[in-house]
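Reviewing the structure listed below.
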Amino acid sequence: MKKALYGLISDTHYHVWDAFASTAHDGMNSRLKIQLDATREAVISAKEAGAKALFHGGDVFHVRGSIAPTVLHFTSELYDWIINTLGLDVYILAGNHDLETNDSVFSANASASFAKIGAKIVCSKTSQTFDIDGVKVHMISWYNDHKELLNTVKELAKTLDSTVPNDLIIHTSINKAIPGMPDVGMEAEEFEGLGFRYVLSGHYHNHKEVIPGVISIGALTHQNWGDIGTTAGYMLINADGSYSQYSTQAPIFLELDGDMEESAIKGNYVRIRAVIKDDEEGKKIEKMVKLLGASGVTRNFTMESALVGATTATAGTAKIDSLKESVGNYCILMGKSDTSIDVTKLTAICDDVLSQAEGKE
C-alpha cells in the first residue's frame, strides 16, 4: 500500500434503518453498526497507510433536521475514538442531509456537534483551507444553487498558490457520476483549468472519476435499492499525488435476474426479479437465495399469466432502471412544460424526499 496523505469518505448517512435491521439490547441498530464498522475499517486503513487526517465529504447523517439519539450517541463515540485515540485529525463538510436549512448555516448543521470532540467543521458560505503536509485542501460546504457554488469556487481559485498542490472538496451533483441519471447537476468541465489537482465531490453515491481530476467520491456503503450497481467505499489520497479507492466489508444491494452465484449473494441484500408460474415457484427461488447466504431478500416477481396481452414497453420507459432515475426524468419534463421551474432545485427536493422514504424501507 502506498503512503497516504489523507483519507476521504462521504455520504455515510448514519441512520436507524428499518429494512433488514434489528436492535441490540444497548439500542444499536444493526445496520447502523455496519456503517460504523465500515467507517472504522476506512480510518484504520488510512492510519496504517500513514495518513494524518480524515476528510468527510458531507451527508454524515441521513434524515434532514432529525437525528435519533442512538445515532448521535454511537456516531459521536466513534468519531471521538478516531480523533482522540486513533489520532487522526477529522475535517467534516456539511452536506444537504446534514442541514435543517436549504443552504449552509452552522447552527443548523447536525454534524456541528462533533466540534466538541475536536472535529473541524466546515459549514458556511465561504471556503476553508487546511494544510496537510504541504498540500492545501480546500472545502466548500453545500450550496443549494449551483451557480453560486461555482462563483465561490472561481473566487477561491484566484487565491491559489500554484507552487503547491491544491485539492478541493465539495458536496454537489456532478453530471455523469451515475450512469443513466439525468444531467441536472454541474458539468465536470466547469472545474477544468481552475488550478485544482483534484476536485472531490460528495452527494452522488457512486465513485467515479468523471473526467481527469474531477471525482465523485461515492458513498461509504450501500444504503438502499437505489444504490444497486454503484461503487461504494473510501479513498486514500496518496503522498505521491495518486489516489486509491477501496470497498469495505459492508453488504451491498444487488438485483438478481439470472444465475445464482453464492459469491455474489452471500452476505448481501438481494432483490429477486423473475417471471414465475405460481407462488410455489417464487417461494422456492426465495428459499434458495436465503440458503446461499443473503442477508436480506425482497421479491419482484411477475406471474406468467399477467404477461398475456401485455403491451411492449415504450423506448422511454424501457430505459428507466430505477425510481430515482424516473423521478429525475419527471423533473426534466416538468421543467420543459413550465420554464419557471428550477429543475435542479426540484430534483434536489425530490431526491431528499425519496432518500428519506427509502430509509424507511
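Key figures
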{"read-out": "Residue selected from segment 42-51 under the condition touching a helix residue (DSSP H, G or I) at 6+ places or on another chain (Cβ under 9 Å) and farther than 15 Å from Lys2 by Cβ, by the criterion surrounded by the most Cβ atoms within 10 Å (Cβ to Cβ)", "value": "Val43"}
{"read-out": "Test for Ala188: is it over 20 Å from Val60 (Cα atoms), modelled with pLDDT of 95 or more and open to solvent by less than 70 Å² (accessible area, probe 1.4 Å)", "value": "yes"}
{"read-out": "Subset of segment 214-223 [open to solvent by less than 10 Å² (accessible area, probe 1.4 Å) and not hydrophobic (A, V, I, L, M, F, W, C)]", "value": "Ser216, Gly218, Thr221, Gln223"}
{"read-out": "Phe61 vs. criteria open to solvent by less than 20 Å² (accessible area, probe 1.4 Å), of a type in the set (Phe, Trp, Tyr) and in contact with a strand residue (DSSP E or B) (Cβ under 7 Å, 6 or more places away or on another chain)", "value": "yes"}
{"read-out": "Hey, Asp18 closer than 20 Å to Ala219 by Cα, surrounded by 16 or more Cβ atoms within 10 Å (Cβ to Cβ) and either out of contact with any Lys or Arg (no Cβ under 9 Å at 6 or more places or on another chain) or among the charged types (D, E, K, R) (or both) or not", "value": "no"}
{"read-out": "Extreme residue, modelled with the highest pLDDT, among residues of segment 286-329 that are open to solvent by less than 90 Å² (accessible area, probe 1.4 Å) and acidic (Asp, Glu)", "value": "Glu286"}
{"read-out": "In segment 21-41, the residues that are charged (D, E, K, R) and open to solvent by less than 30 Å² (accessible area, probe 1.4 Å)", "value": "Arg31"}
{"read-out": "From the options Glu48, Glu77, residue that is closer than 21 Å to His97 by Cβ and not polar (S, T, N, Q)", "value": "Glu77"}
{"read-out": "Filtered residues of segment 106-145 (kept if out of contact with any helix residue (DSSP H, G or I) (no Cβ under 6 Å at 6 or more places or on another chain), open to solvent by 10 Å² or more (accessible area, probe 1.4 Å) and closer than 24 Å to Val184 by Cα)", "value": "Ser124, Lys125, Thr126, Asn144, Asp145"}
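The values are calculated or read from the model by the stated rules, or taken from the named source; none is laboratory data. All values derive from a computational prediction rather than experimental measurement. FYI the Cβ positions are ideal-geometry reconstructions off the backbone, even for glycines, and counts take in every protein chain you see. Quick note on the areas: whole protein, heavy atoms, side chains included, nothing else; ligands and nucleic acids left out. Shrake-Rupley method; radii C 1.70, N 1.55, O 1.52, S 1.80 Å.
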